[in-house]
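Each remark here refers to the structure printed beneath this line.
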Amino acid sequence: MRAGRTGFWRSNSLTLVFGGAFLVVLAAQAVAGRAEFNEQLAVAGLQQVGFGAYLTSSDFAVDVTENWQSEFLQFFLYVYGTVHLLQRGSPESKPLDRAGTESERDQRIGPHAAPDSPRWAGAGGWRQALYSRSLGLVMAVFFLLSWFAQSVAGSAAYDGERLRQLQDPIGWGAYLVSADFWNRSLQNWQSELLAVSAMAVLSVYLRQRGSPESKPVGAPHASTGVEG
């Protein structure tokens, strides 16, 4: 029994550790965000809110979703971009001679699927076409849903701030073309794109021993698509 539990934790440690860290940081953000929000209310001479009320507020929701949408956008662009885009010497890139969607043999789909391959990998038609693009499609859906959630929560938070300043609310449609909405979106997008491009270039010359995000320590700088 003990060996089974140990095996589960070890074989899922990457997801469990990062998932647990996500929950801890999200809780810490809620605590810090409520404190900042109450400071703003105090300056305006308004009644402060409790923790539960802040967790269900549009102010908390917009702060969370604006970061989620940028992360899912990063992975969507990365998943699709690395199909055709290459970086010589980077483990984040495919080998230079494998740009594109590759052959059925290389991808082990259709007649080349192995007995232990996912069932839809060996199927034909729309099932294979859908499954072979499922990762990028799901990332795109998550991005659009979280971006939509950001727009709704951001509109409510923005209108709430205007009401506190005795100004008329502008509504969701006007908020979609407002500077606040696009500033929130673009400031996150640029940071994600910078991180991806920095990782692609730095991994050409720098190493992290034992990491699949790095080439082997002794691999030549020009080695492309080789993971440690």
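The values are calculated or read from the model by the stated rules, or taken from the named source; none is laboratory data. Keep in mind that this is a model prediction, so the values were computed, not measured. A quick note on method: Cβ atoms are made from the backbone with ideal geometry, for glycine too, and the neighbour counts reach across all protein chains shown. Please note that ligands, DNA and RNA were not included when accessible areas were found on the heavy atoms of the full protein model with its side chains. Shrake-Rupley method; radii C 1.70, N 1.55, O 1.52, S 1.80 Å.
Per atom type, segment 103-192 shows carbon and sulfur on 61% of its accessible surface, probed at 1.4 Å.
Note on L55 and Y205: the extension gain reaches 49.6 nm, defined as 0.36 nm multiplied by sequence separation minus the Cα-Cα distance.
Once the chain from S13 to E71 is taken as fully extended at 0.36 nm per residue, the excess over their C-alpha distance is 18.8 nm. Taking Kirkwood radius over Cα pairs in Å as calculated from this structure, the corresponding entry among (i) 18.9; (ii) 17.4; (iii) 21.4 is (iii). With all protein chains kept in place, the per residue accessible area of the chain amounts to 65 square angstrom at a probe of 1.4 angstrom.
For segment 33-89, the Cβ-based charge dipole about the Cα centre amounts to some 260 debye (Lys, Arg positive; Asp, Glu negative; other atoms uncharged).
The mean sequence separation of alpha-carbon pairs under 8 Å and at least six residues apart, normalised by the residue count of the chain, gives a relative contact order of 25 percent.
Label-to-label distance, H221 versus Q190, with points set 7 angstrom from Cα along the beta-carbon direction: 2.9 nm. Computed with a 1.4 Å probe over protein heavy atoms only, the accessible area of D59 comes to about 40 Å².
Of the DSSP H helices in the chain, those that are both long (alpha-carbon extent of 30 Å or more along the helix axis) and hydrophobic (Kyte-Doolittle mean at least 1.0) are 13-43.
For segment 135-149 and segment 62-87, write down the distance between their C-alpha centroids in whole Å. Each part reduced to its Cα centre gives a spacing of 9 Å. Here is how the number arises for the chain: DSSP H runs of 4 or more residues each give -39500 (n - 2.57), the sum is divided by the residue count, and the result at 222 nm is -21500 deg cm²/dmol. Working from label points 7 Å from Cα in the Cα-to-Cβ sense, the H84 to R105 distance is 2.5 nm. Loop-located chymotrypsin sites (Phe, Trp or Tyr not before Pro) in segment 61-165 (DSSP state other than H, G, I, E, B) with a sparse environment of at most 10 neighbouring Cβ atoms within 10 Å are absent. Give the longest segment of the chain that steers clear of GluC sites (Glu not before Pro) in DSSP loops with at most 16 neighbouring Cβ atoms within 10 Å, not counting the sites themselves. That would be 103-212.
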